[in-house]
1. Which of the residues spanning segment 91-111 are part of a strand (DSSP E or B), of a type in the set (S, T, N, Q) and surrounded by fewer than 24 Cβ atoms within 10 Å (Cβ to Cβ)?
2. Report every pair of residues separated by at least 6 positions or lying on different chains whose Cβ atoms are under 8 Å apart, first residue within segment 73-98 and more than 14 Å from His110 (Cβ to Cβ), second aliphatic (A, V, I, L, M) and at pLDDT below 95.
3. Scan segment 283-322 for residues that are at pLDDT 95 or above, more than 23 Å from Ala377 (Cβ to Cβ) and among the charged types (D, E, K, R) and jot them down.
4. Restricting attention to segment 247-280, report how many residues are closer than 16 Å to Pro216 by Cβ and among the hydroxyl-bearing types (Ser, Thr, Tyr).
5. Scan segment 136-158 residue by residue and report those that are in a strand (DSSP E or B), surrounded by fewer than 22 Cβ atoms within 10 Å (Cβ to Cβ) and in contact with a Lys or Arg (Cβ under 9 Å, 6 or more places away or on another chain).
6. Please state which of the following conditions Thr45 fails to meet, knowing it meets all the rest: (1) over 16 Å from Leu352 (Cα atoms); (2) surrounded by fewer than 20 Cβ atoms within 10 Å (Cβ to Cβ); (3) at pLDDT 95 or above.
7. Hey, among Gly74, Gly60, Gly41, which residue is part of a loop (DSSP other than H, G, I, E, B) and touching a Lys or Arg at 6+ places or on another chain (Cβ under 9 Å)?
8. For Ala336, all conditions in the list (1) part of a loop (DSSP other than H, G, I, E, B); (2) buried (at least 24 other Cβ atoms within 10 Å of the Cβ) hold save one; what is the number of the exception?
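The values are calculated or read from the model by the stated rules, or taken from the named source; none is laboratory data. Please read all numbers here as calculations on a predicted model, not as lab measurements. Because the Cβ atoms are built from the backbone with ideal geometry, glycine has one as well, and the counts that use them run over all protein chains shown.
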Amino acid sequence: MMNRRDFLSLVPAAALAQTSKRPASSPAPTAVEPDWPQWHGADRTNISQETGLLKQWPSGGPKVAWSARGLGSGYGSISIKGNHIYVQGTKDGQSVVFALDRASGKPVWHATIGRALDQDRGGGPRGTPTVDGDFLYVLSENGDLACVRRNDARVTWKRNILSDFGGKNPYWLISESPLIDGNNVVVTPGGRGAGVVALDKVSGKEIWRSAQLSDPAGYASCIVADIHNVRTIMTLTAENGVGVRASDGKLMWSNSRAANGTANCTTPVYHEGKVFYTSGYGTGCAQLALTPADGEIKAQEMYFSRDMQNHHGGVVLYKGRVYGSSAAILTSLDWATGKPIWRDRAVGKGSLTIADGMLYLFGENNTVGLADAGTDAYTERGRFQIEDMGRPSWAHPVVCGGKLYIRNQDYLNCYQIRATT
């Protein structure tokens, strides 16, 4: 446990007072409804395991269960645990995390993480809270990383990863979502000899930093996997697709082919000994084969293709195919070869998730769509429009518990998508 001296060294006393005055009772897990506890789900594959969902939407889209307002600015998605939904936003000039009631969308509490920042493409936080047991781990657009108690919104520790590790905020602001790996919380400050760091999740103290990696931070979030018995963290920095050893942060590979010089945003995909990186701005994608070598993992490029140039909407691997927007065209790409299977303008450039064999599409032009996944051609099963908030709709959609969640700046809509019998 953290002692008082450690606590005070990490958290200014004033920071602990910046929570709402409405503490809630401890969130109770539900026996029926599944959770979505972090960015892209429990395993960060962005695939829901649910079944029994609608295969065709009615005209105008599925029924709205509820709509929550008052989230302020931001592009982050949501996490779900038990009776609560967690989402980052802004309030009174501060970057905050909100807890909402899962059944109604009504506010339960909010906790202040730090000063909110503005930007020419929109202000506010871009990340998604990570749930781990009784705590939330939240990273703001300004680099403030906080551990927040879920039962009462109390900030138990906080530190700024940019000032502490010599990083520089990317032009469009920090956008990653913290990764919990065992006892560590992993983030990418992008400082010299600190491209990736691991902190003790209880105290916030440094465990290791990737001394051989000095890449500036990109906008992507890390993933983790056991690869040939080597626990490995993978991400896309501002310069490279990289892999570091989870035990000590040792850099094991670095590949620049799928990285561009402007904005690298897409979370990598790992599957059966291979990792896939992609970025936009005319760049493309690369698949690397990963093999063991003296307690490390080495990477060899299997292919590079310009047929998947994903900007920031993310890609999903499903039944041997990678789905995502390549520039403005929704593309189905063969995982093994990198060759396109089909392309379609669909709902326009945007983000997506997969559930029950269906693609849930969220175009940045405020269009939500449903289409078949795993097929040899694009087949759409419905679409509808959401309210335009004056900015592109960039938050990624979530399907959980028979509901579709669409966040767009100040509001979060919850749609009923479970099929009825």
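1. Residues of segment 91-111 that are part of a strand (DSSP E or B), as a first pass: 91, 94-101, 107-111.
Still in the list and also of a type in the set (S, T, N, Q): 94-95.
Of everything in segment 91-111, just one residue is part of a strand (DSSP E or B), of a type in the set (S, T, N, Q) and surrounded by fewer than 24 Cβ atoms within 10 Å (Cβ to Cβ), namely Gln94.
2. Gly82/Ala28; Asn83/Ala28
3. Glu296, Lys298, Glu301
4. Taking segment 247-280 first, the residues closer than 16 Å to Pro216 by Cβ are 251, 254, 256, 259-265, 279.
Those still in the list that are among the hydroxyl-bearing types (Ser, Thr, Tyr) too: 254, 256, 262, 279.
Of the residues in segment 247-280, 4 are closer than 16 Å to Pro216 by Cβ and among the hydroxyl-bearing types (Ser, Thr, Tyr).
5. Thr156, the sole residue that qualifies.
6. Against the list (1) over 16 Å from Leu352 (Cα atoms); (2) surrounded by fewer than 20 Cβ atoms within 10 Å (Cβ to Cβ); (3) at pLDDT 95 or above, Thr45 comes up short only on (1).
7. Details: Gly60 fails: touching a Lys or Arg at 6+ places or on another chain (Cβ under 9 Å); Gly41 fails: touching a Lys or Arg at 6+ places or on another chain (Cβ under 9 Å).
One residue alone meets the criteria, Gly74.
8. All conditions are met except number (2).
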